[in-house]
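Accompanying notes for the structure given below.
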Amino acid sequence: MAEPATGRSVEHATIVVERRFPAPPHRVWAAWVVPDARGRWDVPGDGWEHVEHERDVRVGGRDSISFGPPGQLRYRADTRYEDLVADRRLLFTYTVWDGDALMSVSVTTVEVRPAGGDAAATDLTDLTVTEQAAFLDGRDDPVQRRQGLEEMLDQLDARLSQGGRS
Amino acid sequence: MVRQVPNHVVPHSTGSVDGVFRALADPSRRSMVERLTRGPASVGELARPLAMSLPSVLQHLAVLEGAGVVRSHKAGRVRTCQLQPAALGTAGDWISARRADWDRRLDALATYLAQPGPEVGADG
């Protein structure tokens with residue numbers, strides 16, 4: 001093949017998501033760290049299936065889940081908790097695999113802060129999730145690049161048929 | 001054969017994805033990009049099937065490079081062009097999907113917190 005091997009490209013992104021919850025900080029924190037609580041909200045959506053291999057929320061502890069469309073547990077997320085400050089912060093790293101292809105490596109910080117004047121009396125909590133991620137792109141051969149162009153043109157089609165501002 | 005897309009200006013907004021869309025909204029540039037999916041090419045090789053003047057090809061190339069779809073380098077008198085892998089790749093999709101997934105998870109957290117729960121505390 002005349003094409004030199006380029007390998008997979010990497011793209012970096014920082015994702016920041018903020019929310020305010022009508023609940024005290026210790027409940028928000030507990031929702032992240034107490035296994036029974038965590039399992040009640042932190043599950044894949046859209047009818048996807050998941051299997052939890054491990055859930056160990058403490059410094060040095062690991063989570064591991066497999067998930068995917070029904071009948072296809074193709075993705076795996078492995079998390080390692082690096083820093084936990086009660087009622088304040090979780091800091092963890094995680095990788096996502098699609099089969100045997102690494103898709104992303106992330107450093108994620110979850111910050112929990114009382115919203116409102118008196119930290120001891122508030123029932124309002126601000127939450128900030130900051131994820132710094134490296135995403136790996138697997139389109140490193142002509143067929144995949146052609147597929148990438150087709151998908152880009154699909155998106156362009158969709159945008160143009162919507163008309164006006166996107 | 002590269003598909004046909006309505007050839008009118010994509011509405012302006014900020015962001016590199018729209019730069020890529022604007023770059024691809026031109027059929028000659030789409031032809032050039034399609035050729036480059038098969039591997040690197042010189043400017044001359046890109047120009048040949050387009051029956052277009054070299055300055056015009058270079059102008060299209062400048063748009064593609066400005067959008068980050070293509071990069072080129074000159075060795076001697078030959079300028080060689082190749083696709084930037086990330087431009088047509090899945091990374092941008094995954095970034096959007098990851099953000100959407102956080103929105104979904106935090107919506108679920110909000111729903112969970114809205115339900116009366118036992119006063120559970122962490123072990124620390």
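The values are calculated or read from the model by the stated rules, or taken from the named source; none is laboratory data. What you see is a predicted model; the values in this text were computed from it and never measured. Reconstructed Cβ throughout: ideal geometry from the backbone, glycine too, with neighbour counts over all protein chains shown. All accessible areas refer to the heavy atoms of the entire protein, side chains included, with ligands and DNA or RNA removed. Shrake-Rupley method; radii C 1.70, N 1.55, O 1.52, S 1.80 Å.
Per-residue Cβ counts within 10 Å, from other chains only, averaged over A:22-29: what number is that? The partial results should precede the final answer.
Working: counts 3, 6, 2, 0, 4, 7, 3, 2.
Taking the mean over all residues of the peptide, I get 3.
How crowded by other chains is B:44-57, given as the mean number of beta carbons from other chains within 10 Å of each beta carbon?
On the way: counts 0, 0, 0, 0, 0, 0, 0, 0, 0, 0, 0, 0, 0, 0.
Taking all residues of B:44-57 together, the mean is 0.
Which whole-number percent gives the relative contact order of region A:62-101, counting Cα pairs below 8 Å spaced six or more residues apart?
Numbers: 65 pairs, mean separation 13.8, N = 40.
Worked out over region A:62-101, it gives 35 percent.
Explain nothing, just compute: Karplus ³J(HN,Hα) = 6.51 cos²θ - 1.76 cosθ + 1.60, θ = phi - 60°, for every residue of region B:94-100 in order, whole Hz, x for Gly and Pro.
Karplus-based 3J(HN,Hα) across region B:94-100 equals 5, 5, 4, 5, 5, 5, 4 Hz.
Å³ per residue of the Cα convex hull, for chain A? Each step should come with its number before you reach the end.
Details: hull volume 29.5 nm³, N = 166.
Dividing the Cα hull volume of chain A by its residues yields 178 Å³.
Average the reciprocal distances over every distinct pair of alpha-carbons in region B:30-81, invert the result, and give the Kirkwood radius in Å.
Working: mean 1/r = 0.0912 Å⁻¹.
Taking the inverse mean of 1/r over all distinct Cα pairs, region B:30-81 comes out at 11.0 Å.
With the Cα gyration tensor of region A:41-108 in hand, give its eigenvalues times 5 under a square root as the equivalent ellipsoid semi-axes, listed largest first in whole angstrom.
Working: eigenvalues 107, 37, 19 Å².
Over the Cα atoms of region A:41-108, the ellipsoid semi-axes are 23, 14, 10 Å.
Hey, got the average number of other protein chain Cβ atoms within 10 angstrom for residues in B:20-30? Numbers along the way, then the final one.
Numbers: counts 3, 7, 1, 1, 5, 4, 0, 0, 0, 0, 4.
Per residue, the average neighbour count from other chains is 2.
How would you order A:18-27, B:22-31, B:74-83 from highest to lowest mean count of nearby Cβ atoms within 10 Å?
Details: A:18-27: 17.8, B:22-31: 19.4, B:74-83: 13.3.
Order by mean packing, descending: B:22-31, A:18-27, B:74-83.
Let me test this: with uniform point scatterers at the alpha carbons of region A:1-88, what is the Debye-based log₁₀ I(q)/I(0) at q = 0.22, 0.25, 0.26 1/Å?
Result of the Debye calculation: -1.23, -1.29, -1.30.
What total accessible surface area, summed over both chains, is buried at the interface between chains B and A, computed with a 1.4 Å probe and given in Å² to the nearest 100?
On the way: alone 9180 and 11010 Å², together 14940 Å².
By this definition, chains B and A bury close to 5300 Å².
Magnitude of the Cβ-charge dipole of chain A, K/R +1 and D/E -1, about the Cα centre, nearest 20 debye? Display every interim value, and only then the final one.
Values: 20 positive and 29 negative charges, 73 e Å.
Its charge dipole is roughly 360 debye.
Which three semi-axes in whole Å describe the equivalent ellipsoid of region A:60-151, each the square root of 5 times a Cα gyration tensor eigenvalue, listed largest first? Each step should come with its number before you reach the end.
Values: eigenvalues 261, 50, 32 Å².
Listed largest to smallest, the semi-axes of region A:60-151 are 36, 16, 13 Å.
Once you charge only the Cβ atoms, +1 for Lys and Arg and -1 for Asp and Glu, what is the size of the charge dipole of region A:1-96 about its Cα centre, to the nearest 20 debye? Let's see the in-between values first.
Working: 14 positive and 15 negative charges, 63 e Å.
The dipole magnitude comes to about 300 debye.
Could you list the square roots of 5 times each eigenvalue of the Cα gyration tensor of region B:15-54, that is, the equivalent ellipsoid semi-axes, sorted largest first and rounded to whole Å?
Details: eigenvalues 81, 29, 12 Å².
Taking √(5λ) for each eigenvalue gives 20, 12, 8 Å, largest first.
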